[in-house]
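The values are calculated or read from the model by the stated rules, or taken from the named source; none is laboratory data. Note that this is a predicted model, so its numbers are computed, not measured. Glycine also receives a Cβ, built like all others from the backbone with ideal geometry; neighbour counts cover every protein chain displayed. Ligands, DNA and RNA are stripped out before the accessible areas are found, and what is left, the full protein with its side chains, is counted by its heavy atoms. Shrake-Rupley method; radii C 1.70, N 1.55, O 1.52, S 1.80 Å.
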Amino acid sequence: MIAPLLDVRGLTVRFGGVVALDGLELDVRPREILGLIGPNGSGKTTCFNVITGLLRPDAGRVIFAGDDITGSTPQEIYRRGIARTFQRSRLYLELSVFDNVALGNGKRLDAGFLTTLLRRRRLARQFAATLAETRALLDVFAPALIDRLWEPVARLPMIDRRRIEICRALVGRPRLLLLDEPSAGMTEEEMRELMDDLLVVRERYGNLAIVLIEHEMGVIERVTDRCVVLNYGRKIAEGDYRSVARDPEVRSAYLGTDA
């Protein structure tokens, strides 16, 4: 049996008297697209925040690639190979497409004072490599963006901004990508296009696993291999989309007890 890439064990997070995660157990397998779903306030984003080091859990452990990363800093977790996007866009709208993507390449782009001042050739090589990687990523998502590489992101539509955020997460070559509602604010057609992009990315980057938080169930059904459903911080169901969609507890969580 293949060992999980990510193994979350007994994760508990409390905010005062509110239990945001209640002994959560889940795993992510190599190359898998896992859907993390549930009503608003069920603990999905809190789970991402713990995995990426933005929150420390009150109990439980996060194991990544066999190593315990519980309590590690976001920078350490990023260097180990976990990247994410956020529900609300964190792009710098006044900066160019390239600038925004390059900001995600902290593992390989050294723009510190000494490098900038004394190691110009090294910096030039790193810049050229980042530029080539950015072009390659944009070619997967939207080749037309290559011609707009130096334009401010503010000029682009929402779907292209989401693509750039995902490229920024991927440019560091992670092994696990966490996507927090990437289709938020999009039309149905744009959602379909973005999900097509994700499927291509998974094939292009063969070792990449993806965890997707998404409220659009059509998206979840189409692209995920497996789903985990949360409610009040607890896992209430797990399996393929069709099986969890039929689960009475899942239907009650989403639609109420009279559903």
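Some points to look at:
- When the charge dipole of the stretch 153-241 is built from unit charges on Cβ atoms (+1 for Lys and Arg, -1 for Asp and Glu) and taken about the Cα centre, the candidate among M186, I213, G172 whose Cα reaches farthest toward its positive end is G172.
- Using 0.36 nm per residue and subtracting the Cα-Cα separation, the extra length available between D58 and R9 on full extension is 16.4 nm.
- Principal-axis tilt of helix 188-204 within the chain, Cα atoms, nearest 10 degrees: 70
- The stretch 1-115, Cα convex hull volume normalised per residue, Å³: 163
- Cα gyration tensor shape for the chain, rounded if a/c is under 1.5, else prolate or oblate: prolate
- Solvent-accessible surface of the stretch 191-249, averaged per residue with a 1.4 angstrom probe and all protein chains in place: 47 square angstrom.
- Residue with peak Gaussian network fluctuation, the chain [Cα springs, cutoff 10 Å], from L34, L131, L176: L131
- Derived scalar couplings between HN and Hα for the stretch 39-55 equal x, 4, x, 8, x, 5, 5, 4, 4, 4, 5, 6, 4, 8, x, 7, 10 Hz in order, rounded to whole Hz, by the Karplus curve 6.51 cos²θ - 1.76 cosθ + 1.60 (θ = phi - 60°), x for Gly and Pro.
- Coil-residue chymotrypsin sites (Phe, Trp or Tyr not before Pro) of the stretch 150-257, DSSP, other Cβ within 10 Å capped at 12: W150
- R125-E94 pseudo-label distance in nm [points 7 Å out on the Cα-to-Cβ vector]: 3.5
- Acute angle (nearest 10 degrees) that the helix 120-141 long axis makes with the longest principal axis of the chain, alpha-carbon atoms: 50
- Computed over the chain with a Gaussian network model linking Cα atoms closer than 10 Å, the most mobile of A209, A237, A154 is A154.
- Phi-based couplings in Hz for the stretch 14-22 (Karplus 6.51, -1.76, 1.60; Gly and Pro marked x): 10, 10, x, x, 9, 8, 7, 10, 10
- For the stretch 1-115: accessible area per residue (Å², 1.4 Å): 49
- 5 angstrom amide H check on G38, placed H, neighbours 5+ away: L230
- Only helices enter the 222 nm calculation for the chain: every DSSP H run of n ≥ 4 contributes -39,500 (n - 2.57), and dividing by all residues gives -11500 deg cm²/dmol, rounded to 500.
- Comparing mean-square fluctuations of R226, R56, R148 from a GNM of the chain with C-alpha springs under 10 Å, the top value falls on R148.
- Accessible surface of the chain, 1.4 Å probe, proportion on carbon and sulfur as whole %: 50
- Separation of the stretch 151-206 from the stretch 13-78 is 22 Å, based on Cα centroids.
- Residues in the stretch 57-78 reached by a label modelled at E25 [backbone nitrogen below 20 Å; 7 Å Cα→Cβ]: 57-70
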